[in-house]
Structures are given as structure tokens and as C-alpha cells.
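Presented below is the structure to which this report refers.
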Amino acid sequence: RKTSFDTFARPATNNECTSKMAGELDIVTFHMVNSLIFDSVETNKVIGVATMNLRSNIPANFTATKEVIISAGTYNSPKILLLSGIGPEKDLAKLGIEVRVPLNGVGKNLRNHYSVPTYWTRENLIQDEPFLFQSPTFNMFG
């Protein structure tokens, strides 16, 4: 078995690999993205990211040669977009953020998915009999 990292990321980061993707990806750790970097005021083309090194608190910018992919999770992806001026005009104006792309759906429609633990008891268990309960809606065993 292979992890997603071994299958996709490692070949793209390894210059000695024979993959077509070799050397196409740089992975930087311990950096938090603060905002997107645009190529000019007139266009909305993203060319990189502005980050903060979490260990040294030194800002750093990284630019891309082809594309920038935001994959920062449920909360941080909209946060990055909003801090970069992509989102609802009214909300951005309240925070004093210059609107680059008015997009009303950014940061909206987030929902908590609550779960309630359920405990079961079974009477008259036979000694050494395996007992396994599988919920029809949540099957944690495959």
C-alpha cells in the first residue's frame, strides 16, 4: 500500500525521478499563508502566496510558475480568500479590505456536523463470543 504523499507528492518533488512531474512541486513546511499575491492591480491573476514562517515569524513570499492551488481546509481556505479581497463586498468593506473579486459565497454556508456517541449493551453474552456492532449509517470497519 502507498500513501497519497508517496503516490503523488513524492514523485513531483523528486528531481531524480523519471516521472513527468519530477521537480514540479516544492513543499514548504511551517509557513502559514496570509494572503494571495496578484500579478497587478488591473488583473486578478494569482501568482503566489504571502506567508509567515511559524518558527521565526519572518514573512516570506512564494511565487508559482504555473498555478496556485488553495487547499487549506474548511476554515483556512475561505480565510485566505477573504484576506486577499475575494468575497462579499459588504463584509470586506467593514474590515477595510480592498475588494479584488466580489464573490458572495466565500465563507458562507459552513455547517457543523454534530455526532452523538451511542452506547449499546448486550445481555446474555456467551463467554469468548466476539461481539461487534456495526451501525448501518456509520460503518467504521470497512
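Can you compute the modelled spin-label distance between Thr118 and Lys94, with each label point 7 Å from Cα toward Cβ, in nm?
Placing both labels 7 Å along Cα→Cβ, they lie 3.9 nm apart.
Ranked highest first by the average count of other Cβ atoms within 10 Å around their residues, in what order do 25-37, 52-64, 84-96 fall? Before the final figure, lay out each step's value.
Numbers: 25-37: 13.7, 52-64: 11.5, 84-96: 15.8.
Highest to lowest by the protection proxy: 84-96, 25-37, 52-64.
Step by step: find N for the stretch 44-97, compute 2.2 N^0.38 Å, then divide the Cα radius of gyration by it. What's the final number?
Numbers: Rg = 12.7 Å, N = 54, 2.2 N^0.38 = 10.0 Å.
Computed over Cα atoms of the stretch 44-97, the ratio equals 1.27.
Determine Rg/Rh for the stretch 79-121; Rg is computed over alpha-carbon atoms and Rh is the Kirkwood hydrodynamic estimate from the same atoms. All intermediate terms of the calculation are to be shown ahead of the outcome.
Numbers: Rg = 17.1 Å, Rh = 12.2 Å.
Rounded to two decimals, Rg/Rh equals 1.40.
Leaving out ligands and nucleic acids, and using a 1.4 Å probe, what accessible area per residue does the stretch 1-112 come to in Å²?
76 Å²
Carbon and sulfur atoms: what percent of the 1.4 Å accessible area of the stretch 1-103 do they account for? Intermediate results must be reported in sequence, preceding the final value.
Details: 4190 of 7710 Å².
Carbon and sulfur atoms account for 54 percent of the accessible area of the stretch 1-103.
The values are calculated or read from the model by the stated rules, or taken from the named source; none is laboratory data. On a predicted model such as this, the values are computed, not experimentally measured, just so you know. Glycine also receives a Cβ, built like all others from the backbone with ideal geometry; neighbour counts cover every protein chain displayed. Note: accessible area is taken over every heavy atom of the protein model, side chains too, but ligands, DNA and RNA are not part of it. Shrake-Rupley method; radii C 1.70, N 1.55, O 1.52, S 1.80 Å.
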